[in-house]
Amino acid sequence: MMRRILLLLAAAPAGCARIEVPAEVAPIATAVAARYSVRTDLMAIGDLGAPPKWNAPGVPPLRGVRLGGQSPDPEFVKQLKPKVGKAILDPQADLTAAQKADLARLLDATFGSPAAPTVRAASAGDAAKIKLDEQFTEGRPAGKTAKEATADAVAEAAAAAAALGLDTAALARGGLLYRRWCAECHGPTGAGDGIHAVFAGPMPRDYRRGVFKFVTAFPPGVARKGELGKPRKDDLCRTIRDGLPGSMMPAFAHLTAAEVDDLASYVIHLSVRGEAEFDWIAKVIQITKDPGETDPDYSAALGEQILAQRVLIALGNWGRADANVIPVPPENTPAQADRLASAARGFRLFAGTCASCHQDYGRTQQLKFDVWGTVVQPRNLTLGVYRGGRRGEDLYARVYAGIYASTMPDSKAKAGPMESDRPDGVWDVVHFLQALADPRERMLLQQFDAGVKLD
Ligand code: HEC
Ligand code: HEC
């Protein structure tokens, strides 16, 4: 007996036993499809109302509609079915076979394939060839002709693609890393439909709306379409490096800065592709099924113009995000008493503008649909766990800009002037949030101001 044990011990390798996976059974994380698939899933485009109670986080509501009776969310299916055709578009049913083929061809020509990804924005020559200015006759800046607006859009898109690092070498490197680290959750086209997606509540981000939640850019004036919720490339890098605390989005702290940058370039590639595809589908369905007085009939040439225009607009908005960084003024509260006074002012602002969604500070369920038609719960703010970072400046940016994609409004109007000692309403709210999530500060705040009620 003793001899047998000794023999077994001798047979065990020194140190920790390593299980070697033979190459032929190792999962091929970098398997690469020949082409990107074209969108077939339902698209939320309008107001979906208020969601009923959320009982099965596995299947997002829009996918549940296709599952019909098998959906674990029959309540959602009942509510959403009548909205298909109005607030929800169905690319599979509503595009003709010819339109689908045009879209696939145009997307491949513009964005390449997973192995050779590109972002080919129209040049001045392309624009002239396809008469792109016909798409810039409406909504162009005052005093500009359609030709000038087209030329501006071409120039802005080219500058943005260069500044964001969307060259083919960076995109190829980023694509490889993406299939290794991200596709299992975010899916090969960035639809948020990877194999692990159903287990994640909240769902992995679907990049194809062109908007993100945790961004530090905000347009100074009236926002153009697609400008709100557009992140800076730095925002994507921060998300990738630090993850989103409180969700399944992991931190990729082991990747080098260059790898994170390539990944962010690739996410932008998928996002521009998805946004152009979304806008194209919505526009083509509208002019086919519900044409306005001035809408031309669909033709392949028109389809080409529409896609080229949407790519230019999306890239222009990405480029503009970097120029519109949220200004965070210095935090002027050196002493504890000043901080508490600021937090008490923040408490009153919160009661007036935030409590309608963050009911009982987010401890009560108060569900919303976000722009994707997935369900979100206004954060429980007593926990101190924030996706977009917990530093004062992170919270400042979040409160200042709101979370466009989740319906949370901005509080820009409450910000004070830069470089001044005047109280800044946004900092007041941030100090309140910080006190709310810290048991000791919560007690101090209630002692400081008897009007503050937190429990
Ligand atoms: C285990 C699943 C998982 C993996 C792997 C994963 N993500 Fe995510 N990711 C998520 C989830 C879940 C969210 C959404 C969280 C939320 O909305 O609160 C998300 C959100 C994001 C966002 C959106 C941030 C915003 O501001 O809206 C980006 C960008 C992102 N991930 C990029 C990546 C990249 C790049 C990789 C690979 C390096 C990756 N993710 C890997 C699950 C994952
Ligand atoms: C219209 C509803 C609504 C209003 C009003 C609202 N919020 Fe939110 N808020 C949300 C939703 C929904 C989320 C969750 C976002 C998500 O993850 O999709 C959220 C998330 C947050 C977060 C978490 C951010 C992070 O990084 O995780 C903070 C902080 C926050 N809200 C603060 C505020 C403050 C302060 C106000 C008032 C100035 C406010 N909210 C007003 C809906 C709202």
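Conditions (1) near ligand 1 (Cβ under 8 Å from one of its atoms); (2) open to solvent by 20 Å² or more (accessible area, probe 1.4 Å); (3) within 22 Å of Ile45 (Cα to Cα), marked per residue:
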| residue | (1), (2), (3) |
| --- | --- |
| Glu156 | no, yes, no |
| Ala172 | no, yes, no |
| Gly175 | no, no, no |
| Tyr178 | yes, no, no |
| Glu184 | yes, yes, no |
| His196 | yes, yes, no |
| Pro202 | yes, yes, yes |
| Gly210 | no, no, yes |
| Thr216 | no, yes, no |
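Of all the residues that make up region 384-427, how many are of a type in the set (A, V, I, L, M), more than 10 Å from ligand 2 (Cβ to nearest atom) and in a loop (DSSP other than H, G, I, E, B)? Lay out the reasoning, then the answer.
Let us first name the residues in region 384-427 that are of a type in the set (A, V, I, L, M), namely 385, 395, 397, 399, 401, 403, 405, 408, 413, 415, 418, 426.
Cutting the leftovers down to more than 10 Å from ligand 2 (Cβ to nearest atom) gives us 401, 413, 415, 418.
Subsequent filtering for residues that are in a loop (DSSP other than H, G, I, E, B) retains 415, 418.
Of the residues in that region, 2 qualify.
Would you point out which residue out of Pro417, Pro409 is more than 16 Å from ligand 1 (Cβ to nearest atom), of a type outside the set (Lys, Arg) and over 19 Å from Arg345 (Cα atoms)? If you could, list the steps in order and put the result at the bottom.
Details: Pro417 fails: over 19 Å from Arg345 (Cα atoms).
Sole residue among the options that is more than 16 Å from ligand 1 (Cβ to nearest atom), of a type outside the set (Lys, Arg) and over 19 Å from Arg345 (Cα atoms): Pro409.
Quick check on Thr382: is it over 19 Å from the mean Cα position of the chain (by Cα) and β-branched (Val, Ile, Thr)?
Values: over 19 Å from the mean Cα position of the chain (by Cα): yes; β-branched (Val, Ile, Thr): yes.
In short, yes.
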**Q.** Search result, residues across region 407-450 that are open to solvent by 40 Å² or more (accessible area, probe 1.4 Å) and small (Gly, Ala, Ser)
**A.** Ala413, Ala450
**Q.** Residues that are more than 16 Å from Tyr386 (Cα to Cα) and within 9 Å of ligand 1 (Cβ to nearest atom), drawn from region 238-255
**A.** Phe252, Leu255
**Q.** Conditions (1) open to solvent by 60 Å² or more (accessible area, probe 1.4 Å); (2) under 27 Å from Gly165 (Cα atoms); (3) of a type outside the set (Gly, Ala, Ser); (4) over 27 Å from the mean Cα position of the chain (by Cα); number of the one not met by Arg120
**A.** (4)
Q. Which one is farthest from Pro114 (Cα to Cα), of the residues in region 240-276 that are within 16 Å of ligand 2 (Cβ to nearest atom) and of a type in the set (D, E, K, R)?
A. Asp242
(Q) Among the listed residues Leu340, Leu302, Leu307, identify the single one that is under 30 Å from Leu445 (Cα atoms) and modelled with pLDDT of 95 or more. (A) Leu340
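When only residues in region 363-375 that are open to solvent by less than 70 Å² (accessible area, probe 1.4 Å) and out of contact with any strand residue (DSSP E or B) (no Cβ under 9 Å at 6 or more places or on another chain) count, which is nearest to ligand 2 (Cβ to nearest atom)? Walk me through it before giving the result.
Looking only at region 363-375, we keep the residues that are open to solvent by less than 70 Å² (accessible area, probe 1.4 Å), and these are 364, 366-375.
Next, only the ones that are out of contact with any strand residue (DSSP E or B) (no Cβ under 9 Å at 6 or more places or on another chain) stay: 364, 366.
On the way: Thr364: 13, Gln366: 8 Å.
Looking at residues that are open to solvent by less than 70 Å² (accessible area, probe 1.4 Å) and out of contact with any strand residue (DSSP E or B) (no Cβ under 9 Å at 6 or more places or on another chain), I get Gln366.
The values are calculated or read from the model by the stated rules, or taken from the named source; none is laboratory data. Bear in mind that the values here come from a model prediction, so they are computed numbers and not experimental data. Please note: Cβ atoms are built from the backbone with ideal geometry, for glycine as well, and neighbour counts cover all protein chains shown. These accessible areas exclude ligands, DNA and RNA; they are computed on the full protein's heavy atoms, side chains included. Shrake-Rupley method; radii C 1.70, N 1.55, O 1.52, S 1.80 Å.
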